[in-house]
Amino acid sequence: MDALDIARWQFGVTTVYHFLFVPLTIGLSLLVAILQTAWHRTGDDRYLKLTKFYGKLFLINFAMGIVTGIVQEFQFGMNWSDYSRFVGDIFGVPLAIEALLAFFLESTFLGLWIFGWGRLPKALHLATIWLASFGSIISAWFILAANSWMQNPVGYRINPDTGRAELTDFIAVLTNKVTLITFPHTLAGCFMVAGALVLAVAIWHLVRHPDGPDTPAFRTATKLGAWTTLLATAAVIGTGDIQGKIMTQVQPMKMAAAEALYTTESPASFSVVTVGTLDGSREIWTLKIPYLLSWLSTGDPTGEVQGINDLQAQYAAQYGPGSYTPIIPVTYWSFRFMIGFGLATAAIALWALWATRRGRTPTGRWLLRASLTLPVLPLLANTFGWIFTEMGRQPWIVFGEMLTRDGVSRSVSLTEVLTSFTAFTLTYATLAVIEVKLLIRYARNGLPDLTDPPPPDDTDDTTTDRPLAATH
């Protein structure tokens, strides 16, 4: 292994670890806002308890996400300086706007939400969590726009004097057709993760304490989590179908690698399971569904899907000698793990809905065991989805413009990058233990007692300097 290999591993570990927090932050912020809205409209204390309960889990996750996100951005200057030099004029713009606009919107109003309990009028306090949620969603747009440019470069030109990519149309970058479909697909995955967590915690309390005082509240959380998970799964499938067709247009090699399709076929069959050689160069046995791959790729059940061998020859003629094929086993199995873990999540959510139908309280231990996997399954689906997206683009770091090997920092030695990789990995492992322990501890505690005063009504005089307890 050389510095390039370790740099790729380090960025991969950093990115995957950071993205464990991103979908939960985005999805849970909106669900907390919905719960607080329900309390604001009905005055029912169970919604207030659920707001504070899941709000605390959301804040723990948000804090960890900030730390890992900052480290991730440092990677560009540390190990990928040649890449940063090449795309900095383009890649830096959406990231800068994300930090200056979306992140500050999110963090500022989240701070007001945290410290505004009992100090801000109810309606104003409710608006802060909605604005914080909106900030997190907008943040995703700018980050995905930057990533989508790497998948399908648009709105730029290559300066022949400097050899750098220069931005010519920022709107084209923001409205890249890859961004337009990746954004809703990613958001749907975020809500699947958040809904699964809400559902898992609620089911755990219902099964463990079926006659507890908070049973009605956790039944509400169960339905919210289950329906969120199921609707998000439907959105993931719908947007994923469109994304697959766009991917076939802009990165046909990625689709071919996802299916281990070596020769061009028309019609093309979808491989449910394929066993191949260890290097992924040849299939040994396969189970296929006729016409399905053609439909997924082109919208036509008899459409032509280009194969790996034909695309390799085409790219070699276009870009020069070399291998332009990603690691086939990685792309093939990550694509299927993404689908499998997502469908398993939806199945458990449907099971939970059935178990709580018509006022029933679930008591089955098998449902409890299945529900305990819910916080992990959609995270794995999201993670393998991103592994497929990034590994399927290889060997390109910017498709058609820059190879990954050309983007690494030339001045960073193997020892230096190996040292930082080891330090980051150990630090992240420690943070992961802390995160999981905190989430489990507060999830087990159950709903909070409403001993603290609720936020004042909109008509309250919030300018008084009387003690907070005295105002109520």
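Let me confirm something: among Leu101, Leu57, which residue is among the aliphatic types (A, V, I, L, M), free of Cβ contacts under 8 Å to residues at least 60 places away in the same chain, in a helix (DSSP H, G or I) and surrounded by fewer than 22 Cβ atoms within 10 Å (Cβ to Cβ)?
Only one candidate passes the filter, namely Leu101.
State whether one or more residues within segment 114-123 are open to solvent by 50 Å² or more (accessible area, probe 1.4 Å), over 28 Å from Trp386 (Cβ atoms), touching a residue at least 24 places away in the same chain (Cβ under 8 Å) and more than 17 Å from the chain's Cα centre (by Cα).
Yes; the residues of segment 114-123 include at least one that is open to solvent by 50 Å² or more (accessible area, probe 1.4 Å), over 28 Å from Trp386 (Cβ atoms), touching a residue at least 24 places away in the same chain (Cβ under 8 Å) and more than 17 Å from the chain's Cα centre (by Cα).
Pick from Val93, Val87: which is within 14 Å of Asn147 (Cβ to Cβ), in contact (Cβ under 8 Å) with a residue 12 or more places away in the chain, surrounded by fewer than 21 Cβ atoms within 10 Å (Cβ to Cβ) and touching a strand residue (DSSP E or B) at 6+ places or on another chain (Cβ under 7 Å)?
Answer to the check: Val93.
Within 26 Å of Ser271 (Cβ to Cβ), open to solvent by less than 20 Å² (accessible area, probe 1.4 Å) and either without any contact (Cβ under 8 Å) to a residue 60 or more places away in the chain or not in a loop (DSSP other than H, G, I, E, B) (or both): which single residue out of Gly340, Gly385 fits that description?
Answer to the selection: Gly385.
When you go through (1) surrounded by fewer than 20 Cβ atoms within 10 Å (Cβ to Cβ); (2) modelled with pLDDT of 80 or more; (3) outside any helix (DSSP H, G or I) one by one for Leu261, which number turns out not to apply?
For Leu261, the exception is condition (1).
Name the residues in segment 135-157 that are over 17 Å from the mean Cα position of the chain (by Cα) and open to solvent by 10 Å² or more (accessible area, probe 1.4 Å), would you?
Met150, Asn152, Pro153, Val154, Gly155, Tyr156, Arg157
Among what's in segment 124-137 and is in contact (Cβ under 8 Å) with a residue 60 or more places away in the chain and small (Gly, Ala, Ser), pick the residue that is nearest to Phe183 (Cα to Cα).
Selected residue: Ser136.
Residue check: is His18 open to solvent by 50 Å² or more (accessible area, probe 1.4 Å) and either touching a residue at least 60 places away in the same chain (Cβ under 8 Å) or assigned to a helix (DSSP H, G or I) (or both)?
no
Conditions tested, residue by residue: (1) in contact with a Lys or Arg (Cβ under 9 Å, 6 or more places away or on another chain); (2) under 30 Å from Leu287 (Cα atoms); (3) crowded, with 19+ Cβ neighbours inside 10 Å; (4) among the aliphatic types (A, V, I, L, M).
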| residue | (1), (2), (3), (4) |
| --- | --- |
| Gly195 | no, no, yes, no |
| Ala200 | no, no, yes, yes |
| Ile203 | no, no, yes, yes |
| Leu206 | yes, no, yes, yes |
| Asp211 | no, no, no, no |
| Thr228 | no, no, yes, no |
| Thr239 | no, yes, yes, no |
| Lys245 | no, yes, no, no |
| Ala257 | no, yes, yes, yes |
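The values are calculated or read from the model by the stated rules, or taken from the named source; none is laboratory data. For clarity, every value in this text was computed on a predicted model and none was experimentally measured. Quick reminder, even Gly has a Cβ in these numbers, built from the backbone with ideal geometry, and neighbours come from all protein chains shown. SASA here: full protein model, heavy atoms, side chains in, ligands and nucleic acids out. Shrake-Rupley method; radii C 1.70, N 1.55, O 1.52, S 1.80 Å.
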